[in-house]
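The values are calculated or read from the model by the stated rules, or taken from the named source; none is laboratory data. Not measured: the values here are computed from a predicted model. All Cβ positions, glycine included, derive from the backbone under ideal geometry; neighbour counts span all protein chains shown.
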Amino acid sequence: MERIFRFIDIYPDFSTYIIVVVATILQFLIGNYLAPILAISLMLPTLIVTLPTNIVMKRTFKVRRPKRYYESVRVKTVFEGSFPSFHSQFSAGEATAYITGIALYSPENIRFKAVILALIIAGLSSVVIAYSRVALGLHYPIDAFGGFVFGVFTGFAVPYALRFAWIKIPLICHLLMITVFVLTVFVLSSRQRRVRN
């Protein structure tokens, strides 16, 4: 299990991509085609809200990370503080945004099944990611829990705030937002890998 947690820590971008791809393939298999695209594109504005929120909270609370973390990291970053866990907040926020998008935009006849599938894949993965932060000694349990709670709130609030306008945006714009989201997560993860090496 520790290997999976280490992979999540070192490659959060690929972990995110795998989860989204698996969840979306399952949506396509039940005949849900537009909702997953809208749900994934909702992950970009959720990330845009999550990043500064996490940085401000870390600078406000100024909680030091567990000692084991400091022994493994040499360079400080904007995500240096311990509370709340950015990985937990990010994963819970993106999972909730995806699940909320599926709930908002799935056809009524398959909505229940679509939401359950999204909840199982995206929801469970965000719990595993939050747990991994504590298991690896990178955060205290309250950091992971706090990040998870803030993430769920953001992942629910952003899609609901955009729900009426989001469906009116042309499909090409949603695909562009998905591309920007993928690239942003890749760049953030690459920077984290460079800091750790």
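Just one of the numbered conditions (1) in a helix (DSSP H, G or I); (2) buried (at least 21 other Cβ atoms within 10 Å of the Cβ); (3) modelled with pLDDT under 85 is not true of Tyr69: (2). Quick check on segment 158-172: of everything there that is in contact (Cβ under 8 Å) with a residue 40 or more places away in the chain and in a helix (DSSP H, G or I), which residue is nearest to Ile55 (Cα to Cα)? So, considering only residues that are in contact (Cβ under 8 Å) with a residue 40 or more places away in the chain and in a helix (DSSP H, G or I), the one nearest to Ile55 (Cα to Cα) is Val158. Could you count how many residues in segment 84-104 are touching a Phe, Trp or Tyr at 6+ places or on another chain (Cβ under 6 Å) and over 14 Å from Ile37 (Cα atoms)? Result for segment 84-104: 6.
Filter segment 30-43 down to the residues that are part of a helix (DSSP H, G or I) and among the hydrophobic types (A, V, I, L, M, F, W, C) and list them by number.
Leu34, Ala35, Ile37, Leu38, Ala39, Ile40, Met43
Among residues of segment 11-37 that are closer than 17 Å to Phe181 by Cα, none has a beta-carbon under 6 Å from a residue that is acidic (Asp, Glu) and modelled with pLDDT of 95 or more at least six positions away or on a different chain. Thr154 meets each of the listed conditions (1) among the polar types (S, T, N, Q); (2) surrounded by 15 or more Cβ atoms within 10 Å (Cβ to Cβ); (3) at pLDDT below 95 apart from (3).
The rows are residues; the columns are (1) of a type in the set (Val, Ile, Thr); (2) in a helix (DSSP H, G or I); (3) at pLDDT 85 or above; (4) surrounded by fewer than 21 Cβ atoms within 10 Å (Cβ to Cβ).
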{"site": "Thr24", "(1), (2), (3), (4)": "yes, yes, yes, no"}
{"site": "Phe28", "(1), (2), (3), (4)": "no, yes, yes, yes"}
{"site": "Pro45", "(1), (2), (3), (4)": "no, yes, yes, yes"}
{"site": "Ile48", "(1), (2), (3), (4)": "yes, yes, yes, yes"}
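Do we have any residue at all in segment 90-111 that's crowded, with 24+ Cβ neighbours inside 10 Å and farther than 19 Å from Leu162 by Cβ? Looking for residues that are crowded, with 24+ Cβ neighbours inside 10 Å and farther than 19 Å from Leu162 by Cβ, one finds at least one in segment 90-111, hence yes. In segment 128-151 there is no residue matching the filter, namely being within 25 Å of Gly31 (Cα to Cα) and either assigned to a helix (DSSP H, G or I) or touching a Leu at 6+ places or on another chain (Cβ under 7 Å) (or both).
When you scan segment 1-17, how many residues do you find that are exposed (fewer than 14 other Cβ atoms within 10 Å of the Cβ) and part of a helix (DSSP H, G or I)?
The number of residues fulfilling the criteria is 4.
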